[in-house]
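Take a look at the structure below.
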Amino acid sequence: MTFECDLFVIGGGSGGVRAARMASNLGYKVYLAEGDRLGGTCVIRGCVPKKLMVFASNFKESLEEASLYGWDLNFNKFDWSLFKTNLDNELNRLENVYRGLILSSGVVLFDGWAKIKDPHTVLLDDGREVLAKHILIATGGIPIRPEISNASIGMVSDDVFQMERLPESILIVGGGYIASEFSGIFNGLGVDVTQSYRGDQILRGFDNEARTLVSETMVKKGVKLELNSNVLDIKKEGESVKVGMSDGSERLFDSLLFATGRSPNTQSLGLDNVEVNIGDRGNILVNEYSQTTVPSIFAIGDVTDRINLTPVAIREAVSFVETVFNANPTPVDHEVIPSAVFTQPELGSVGLSEEAAISLEPIRVYSSKFKPMKQSFIGVDEHVLMKLVVSERTDKVLGCHIVAPEAGEMIQLASIAIKMGATKRQFDQVCAVHPTMAEELVTMKAPTRRG
Ligand code: NDP
């Protein structure tokens, strides 16, 4: 069979672009199709615009704190339209950077949707067919709404970045990363926020002590958090949304946001035409080299629903290219992956939670919850948490959980030591940086508890 290209990548997000550029730089002929904007969820509808909104929303509290430190400041309202114009410009700039990176590495780009016709044929939406030696699916995920009638009245995360005005009040449904991050963002921007979560505590899966502190602090900062709560009924009432809640109340909100999870984006990919196995969650099933059940077809990133984080998709892309195009079979390493939830306060986490570790082996827990110097000085009642979960048998640090401003920055550094297998004794051998919050990580001498 004569192939027109060595690799056809479907999807121009973080994973797809990295794989395409790397394979092209190794001298292979690579095509990439993206029907939406280049950059994918992370750059266009996720991490990047979200983090810029986190920055915007943090200023109110910083300015309030500044006045308690002695600054004479006058500030009024947040101007969403100014922020939105600047955000649109920044996203256009980043999209162009992505386009430039793709083109300069020699990848042939199709601005359109692509579909798989058979194990080696990709059908473009202009009717062209391309014979490719390998096909890589990197189409990411899409937000999903719960199955309630009129759910389409509510926004999903994609819509937040398109809002023409800031709502006065919002109901956010969900308790995961996206719901909890947007609660902090909207609250910081001056919106009256109610967050409704169906379970006992938000951020399920994270260390209990850490997520409890995040949730308590969010409430102190003004988020109306309703736990064990469900939305039963939704109606439009004028410009507002009337919501019937599981506590029997009916309430009006200016806006409604569903952050109730994401689903692998496999619609219209033509997967019925090939024997690619699909999992329970609609995810493409792959082996440790990201290969599907069809040997010429691979899949990386959120469409495989392994660990849905941008840096993981990028690592999966690198492993795929090393394996297929560089004669270096490289399984994807999904162990000890740090992550940060950009709630207010931030949560940085790596390794096992106390609860997960206890279910595996005897542990020691070192946990320090304290008022940080900056807030303590001005009487703000806020705590941070520095926590290590340590194996009793090996002394290895199994997990680290930080709730604090800039916890994301701190966990990135702590995760280097933890990935290297550092022991608690080695943490203790490191000299503290004083005065910092993170110095607690190397100064906690006695265990808080054993389990
Ligand atoms: P998550 O899966 O984290 O959270 C979904 C939330 O919605 C859960 O609280 C879930 O409840 C709830 N939920 C699901 N279905 C329903 C329903 N029918 N009715 C009511 N509630 C429901 O998804 P997200 O959308 O928040 O995030 C998706 C992924 O994106 C994350 O897993 C993460 O990997 C990634 N992400 C990472 C970020 C970061 O690194 N900072 C930021 C944003 C996203 P329950 O817990 O009971 O299942």
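The values are calculated or read from the model by the stated rules, or taken from the named source; none is laboratory data. In this text, all values refer to a predicted model and were calculated from it rather than measured experimentally. Note that each Cβ is placed from the backbone with ideal geometry, even for glycine, and that neighbours are counted across all protein chains shown. Ligands, DNA and RNA are excluded from the accessible area calculation, which covers all protein heavy atoms including side chains. Shrake-Rupley method; radii C 1.70, N 1.55, O 1.52, S 1.80 Å.
For segment 293-451, what's the relative contact order in percent, using C-alpha pairs closer than 8 Å and at least 6 residues apart?
Once divided by the residue count of segment 293-451, the mean separation gives 21 percent.
How would segment 191-230 be classified by its alpha-carbon gyration tensor: rounded, prolate or oblate, with rounded meaning a/c under 1.5 and the a/b versus b/c comparison settling the rest?
Here segment 191-230 falls in the oblate category.
Size of the dipole of segment 1-59 about the Cα centre, Lys and Arg at +1 and Asp and Glu at -1 on the beta carbon, nothing else charged, in debye to 20?
So the dipole magnitude of segment 1-59 works out to roughly 320 debye.
Write out the trypsin sites (Lys or Arg not before Pro) in segment 308-417 meeting two conditions: DSSP loop, and at most 15 other Cβ atoms within 10 Å of their Cβ.
Arg393
Considering the dipole of segment 256-415 built from charges on the beta carbon (Lys and Arg +1, Asp and Glu -1) around the Cα centre, which of Val389, Ser367, Ser263 is farthest to its positive end?
With unit charges placed on the Cβ atoms, the residue in question is Ser367.
Taking the DSSP beta bridges in the chain as the whole, what percent of them are antiparallel, to the nearest 5?
In the chain, DSSP labels about 65 percent of beta bridges as antiparallel.
Would you work out which of Ala19, Val97, Leu131 lies farthest towards the positive end of the dipole of the chain? Charges go on Cβ: Lys and Arg +1, Asp and Glu -1.
Comparing the listed Cα positions along the dipole, Ala19 ranks first.
Treating only the Cβ of Lys, Arg, Asp and Glu as charged (+1, +1, -1, -1), what charge dipole size does segment 237-385 show about its Cα centre? Round to the nearest 20 debye.
Dipole about the Cα centre, nearest 20: 400 debye.
If you fit an axis through the alpha-carbon atoms of helix 407-419 and take the longest principal axis of the Cα set of the chain, what angle between them do you get, 0 to 90°, nearest 10?
70 degrees
Identify the GluC sites (Glu not before Pro) of segment 239-293 meeting these criteria: DSSP loop state and at most 15 other C-beta atoms within 10 Å of the C-beta.
Listed in order of number, the matching sites are Glu239, Glu275, Glu288.
Quote the convex hull volume per residue of segment 244-303, based on C-alpha atoms, as a whole number of Å³.
136 Å³
Debye sum, Cα scatterers, segment 97-237, no solvent: what log₁₀ I/I(0) at q = 0.09, 0.16, 0.21 1/Å?
Results for segment 97-237 at q = 0.09, 0.16, 0.21 Å⁻¹ read -0.48, -0.90, -1.26.
On a full-extension model of 0.36 nm per residue, what is the gain between Glu164 and Thr443, subtracting their alpha-carbon distance, rounded to one decimal in nm?
Extra length from Glu164 to Thr443 when fully extended: 95.6 nm.
Roughly how many nanometres apart are two label points built 7 Å out from the Cα toward the Cβ at Phe3 and Leu26?
The answer from the label model is 1.1 nm.
Given a 1.4 Å probe, how much area per residue of segment 194-352 is accessible, in Å²?
That works out to 44 Å² for each residue.
Could you give the angle, 0 to 90 degrees to the nearest 10, between helix 208-220's Cα long axis and the longest principal axis of the Cα atoms of the chain?
70 degrees
What share of all Cα pairs of segment 257-365, in percent, falls into each consecutive 5 Å distance bin?
Histogramming segment 257-365 at 5 Å steps yields 2, 10, 16, 17, 17, 15, 11, 7, 3, 1, 0 percent.
Report the label-to-label distance for His334 and Asp126 in nanometres (one decimal), using points 7 Å from each Cα along the Cα→Cβ vector.
It is 3.8 nm.
Say R0 is 30 Å: what FRET efficiency, to the nearest 0.05, do Ile278 and Asp233 get from their beta-carbon distance?
So the FRET efficiency works out to roughly 0.35.
Ignoring ligands, DNA and RNA, what percent of the accessible area of segment 103-245 is carbon or sulfur (1.4 Å)?
Of all accessible area on segment 103-245, carbon and sulfur atoms account for 48 percent.
Dipole size in debye (nearest 20) for the chain around its Cα centre, Lys and Arg Cβ +1, Asp and Glu Cβ -1?
Roughly 740 debye for the chain.
Counting other Cβ atoms within 10 Å of each Cβ, which GluC sites (Glu not before Pro) in segment 151-216 have at most 14 and sit in a DSSP loop?
Glu164, Glu168
Please determine, in degrees from 0 to 90 and to the nearest 10, the orientation of helix 47-68 with respect to the longest principal axis defined by the Cα atoms of the chain, where the helix direction is its Cα long axis.
Long axis of 47-68 versus the principal axis of the chain: about 20 degrees.
Excluding residues on the same chain fewer than 8 positions from Lys236, give the aspartates and glutamates whose Cα lies under 12 Å from its Cα.
List returned: Asp254.
Which value in nm describes the separation of the simple spin-label points at Val380 and Met420, placed 7 Å from the Cα toward the beta carbon?
Reported label-point gap for Val380 and Met420 is 3.3 nm.
To check my understanding: the extent here is largest minus smallest coordinate of the Cα atoms along each principal axis. What are those three numbers for segment 352-451, in Å, largest first?
43, 24, 23
For a test of the definition: using alpha carbon positions, the gyration tensor, and the 1.5 limit on a/c, classify segment 17-134 as rounded, prolate or oblate.
prolate
Relative to the compact-globule scaling 2.2 N^0.38 Å, provide the ratio for the alpha-carbon radius of gyration of the chain.
Dividing the Cα radius of gyration by 2.2 N^0.38 Å gives 1.06.
Considering the dipole of the chain built from charges on the beta carbon (Lys and Arg +1, Asp and Glu -1) around the Cα centre, which of Ile144, Gly238, Gly70 is farthest to its positive end?
Going by the charge dipole, the pick is Gly70.
Rounded, prolate or oblate, given the Cα gyration tensor of segment 95-165, with a/c below 1.5 counting as rounded?
It comes out oblate by the Cα gyration axes.
Show which lysines lie in cross-link reach of Lys371 when reach means a straight Cα distance below 30 angstrom and same-chain residues fewer than eight apart are skipped.
Lys50, Lys51, Lys60, Lys77, Lys220, Lys221, Lys224, Lys387, Lys396, Lys419, Lys424, Lys445
Would you please report the Å³ per residue occupied by the convex hull of the alpha carbon atoms in segment 276-335?
71 Å³
From the helices alone, meaning DSSP H stretches of at least four residues, give me the mean residue ellipticity at 222 nm for the chain, per-run term -39500 (n - 2.57), in deg cm²/dmol to the nearest 500.
Value at 222 nm, helices only: -9000 deg cm²/dmol.
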